[in-house]
1. What are the residues in segment B:321-336 that are open to solvent by less than 30 Å² (accessible area, probe 1.4 Å) and at pLDDT 85 or above, if any?
2. Taking the stated definitions as given, is residue B:298 open to solvent by less than 20 Å² (accessible area, probe 1.4 Å), part of a helix (DSSP H, G or I) and away from ligand 1 (no atom under 13 Å from the Cβ)?
3. Check residue A:137 against each of (1) closer than 30 Å to residue A:29 by Cα; (2) in a helix (DSSP H, G or I); (3) small (Gly, Ala, Ser) and name the one condition it does not meet.
4. Counting just the residues of segment B:218-236 that are more than 50 Å from the chain's Cα centre (by Cα) and buried (at least 16 other Cβ atoms within 10 Å of the Cβ), which one comes out farthest from the other protein chains (Cβ to nearest Cβ)?
5. Of a type in the set (Lys, Arg) and within 30 Å of the chain's Cα centre (by Cα): does that describe residue A:105?
6. Working carefully through the options B:348, B:384, B:371, find the one that is of a type in the set (Lys, Arg), at pLDDT 85 or above, over 30 Å from residue A:37 (Cα atoms) and touching a Leu at 6+ places or on another chain (Cβ under 8 Å).
7. If a residue counts only when it is aliphatic (A, V, I, L, M) and open to solvent by less than 50 Å² (accessible area, probe 1.4 Å), which strands (runs of 3 or more DSSP E) contained entirely in segment A:1-112 have at least 2 such residues?
8. Looking at A:115, A:146, A:156, A:139, can you tell me which residue is farther than 30 Å from residue A:52 by Cβ and open to solvent by less than 80 Å² (accessible area, probe 1.4 Å)?
Amino acid sequence: MNELSTVFVVDDDQAVRDSLGLLLKSVGINSRLFDSAQALIDAYDPDWRGCVVLDIRMPGMSGMELQQQLIELHCALPVIFITGHGDVPMAVDAMQKGAFDFIQKPFRDQELLDRINQAINLDAAQRSEEEQQRAVGERYETLTPREREVMECVVRGLANKVIAMDLELSQRTVEIHRARVMEKMHARSLAELVRMSLMIEGTAGSRA
Amino acid sequence: MVWATRKSGTDTRSPALGEHPATVPAGASNAGLDSELGAAEFDALLNAAIDGIMVIDEQGLIVRVNRSAESMLGYSAEQLLGRSLNMIMSDEDAGRHDNYVGQYLRTGRRRIIGIGREVLARRKDGSVFPVSLSVGEVRLKGEIRFVGLMRDLTAEKQAEEEALHHREEMMHVSRLTTMGEMAAAMAHEINQPLSAIATYTAACLRLIARDESNITEVVSALESINAQAHRAGEVIRRIRSFTRSRELSRRPVTITSLIEEIRPLAELDAKASSIRLDFSLDPSLPEIVADVVQIQQVVLNLIRNGVDAIRESPAERRKLLLEATVGTDSQLRIAITDQGPGIDESLRDRLFTPFFTTKSTGMGMGLAISRSIITAHGGTLDFRNNVDGGATFWFTLPIHPEE
Ligand SMILES: Nc1ncnc2c1ncn2[C@@H]1O[C@H](COP(=O)(O)OP(=O)(O)OP(=O)(O)O)[C@@H](O)[C@H]1O
Ligand SMILES: [Mg+2]
């Protein structure tokens, strides 16, 4: 379990909120409790990790609206909805908008804790991927324009001889650039370099 | 049956020619009666009348009847002429009638003469039916005659009764649907303490299983569990008091306590649609005399309409305000303000008619029933559109209702 992960609980019912906090504490999970959707939005920090547990029915901003706001804030925290009897259509709607899961009240504690753990793990995985992507991007930034050209050819599977002809360089120079690229990108194999280049393309694509 | 004596000073005076509007001065309106043509005209006139008409002498004996009277009573003219008026009156009214005529002749105090009232008439077959009877007086050459006009009220009474019955039925139906809709919200409200209890106990078990468990933490959780169990019980108690068989009588009650009773219900209803419901109840509001359940139904209807009106609004406009104040006219005033789309002026009159609805699942009875309840309590129910959007539905109730 990630020590930095926190479960952000939003429920307007003091007893429900408080009991959830105690349950999480009993299994050693950090929690932060909010009595309204707005309170969570006001406190929101993009560095938060963990997941959100949310009552679908609340006065003021509803659970569904909070989910929408979180999407607009580019918050990737998985959201688990707690629903009452008869809220299933709403819950289905929430799932279609990307909610992690929903759980009906009253629920078994183990059931809820399992979902929460899964959500926290998902968030951690998403985080590490993001971080890896950022690191690769940073390393790519250190390449010279010539090294980037060479890297592009290498990941396309071209032989050094062909690259030399294409870029009008000596084969020896290509070999030197290629070694520098592998070193700067921390790539231990061609396959790894290919994966990194895909990551960079991915971020470049989503930024466009 | 209630009837009133006029307040004009003529009540106690001796009857005199031409003094009362109902008195026909001799020779004034029937100048042509002597001629044969005049007599024929007069008969035609009598027989064309839809109301039953009969002329009675000082002794209360029938001296003339028209066709309508014959068919209304099931007697022929021959069977009626020369007979006492009592023959065609219900026993109860017959006794009174003798009194009225006799008393009038002695004292001039009007009981029936020139006034008109509702009595029960008796047909030849003995069946009794309601009529409106008005009696005028004619004095001619020292003789006194009374002219009675009878209007059959059977159909009218039947329609009235049907309308009343229908209204009661509709109120019952509408109360049931309100209850049905409330039931879903109610399930939610009982679920809250139950799931809190389940979660607290699960947490306690886990805390105790961990050796380093903190006893004060467990104790405080147990206290919460206790409170939540009572909370669930309270919800159930409220439901039962609301569904309890309907109190028929009006009793003195403060509007604050009346509204407090339905407040949990109303809040549930609002909460189910993520609506904030605020109450502004002046604590010094005086008592009113009202049928509590009926007034509660009106308030719930108006809140429900408000909820429907703002269900689709953005979060900051999903608010309802219920205010109770004493107006300058010393009427109690309850107003429910929403921030919905308001009401198109062209619909103003139709809104309160039964079955008018713009909702796919509406019955269109809410406002119709609410207005009839408030009117029956001597108050007024209406609405206005607000400048900043939204509508206010308000009603008044008299603080000192008339006896
Ligand atoms: N607060 C409001 N804002 C806007 N329109 C309203 C409001 N209250 C009532 N109306 C309009 O008046 C109509 C009649 O209301 P009414 O309460 O009589 O029936 P209903 O709500 O449609 O059905 P129900 O019988 O279930 O109450 C509604 O359909 C709606 O169009
Ligand atoms: Mg209605």
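The values are calculated or read from the model by the stated rules, or taken from the named source; none is laboratory data. None of the values given here were measured: they were computed from a predicted structure. Backbone-built Cβ (ideal geometry, glycine too); neighbour counts: all protein chains shown. The protein model used for the area step is the full one, side chains on, heavy atoms only, and it has no ligands, DNA or RNA in it. Shrake-Rupley method; radii C 1.70, N 1.55, O 1.52, S 1.80 Å.
1. Kept after step one, since they are open to solvent by less than 30 Å² (accessible area, probe 1.4 Å), are these residues of segment B:321-336: B:322, B:324, B:327, B:332, B:334-336.
Of everything in segment B:321-336, those that are open to solvent by less than 30 Å² (accessible area, probe 1.4 Å) and at pLDDT 85 or above turn out to be B:322, B:324, B:332, B:334, B:335, B:336.
2. Working: open to solvent by less than 20 Å² (accessible area, probe 1.4 Å): yes; part of a helix (DSSP H, G or I): yes; away from ligand 1 (no atom under 13 Å from the Cβ): no.
When the stated conditions are applied, residue B:298 does not pass them.
3. Going through the list (1) closer than 30 Å to residue A:29 by Cα; (2) in a helix (DSSP H, G or I); (3) small (Gly, Ala, Ser), residue A:137 breaks only (1).
4. Of segment B:218-236, the ones more than 50 Å from the chain's Cα centre (by Cα) are B:218-222.
Cutting the leftovers down to buried (at least 16 other Cβ atoms within 10 Å of the Cβ) gives us B:218, B:221.
Values: B:218: 10, B:221: 6 Å.
Ranking the qualifying residues of segment B:218-236, first place goes to B:218.
5. Working: of a type in the set (Lys, Arg): yes; within 30 Å of the chain's Cα centre (by Cα): yes.
For residue A:105, the condition - of a type in the set (Lys, Arg) and within 30 Å of the chain's Cα centre (by Cα) - is met.
6. On the way: B:348 fails: touching a Leu at 6+ places or on another chain (Cβ under 8 Å); B:384 fails: touching a Leu at 6+ places or on another chain (Cβ under 8 Å).
Exactly one of B:348, B:384, B:371 is of a type in the set (Lys, Arg), at pLDDT 85 or above, over 30 Å from residue A:37 (Cα atoms) and touching a Leu at 6+ places or on another chain (Cβ under 8 Å), namely B:371.
7. Values: elements: A:6-10, A:30-34, A:50-55, A:79-83, A:101-104.
Here the list reads A:6-10, A:50-55, A:79-83.
8. Details: A:115 fails: farther than 30 Å from residue A:52 by Cβ; A:146 fails: open to solvent by less than 80 Å² (accessible area, probe 1.4 Å); A:156 fails: open to solvent by less than 80 Å² (accessible area, probe 1.4 Å).
Just a single option satisfies the conditions, and that option is A:139.
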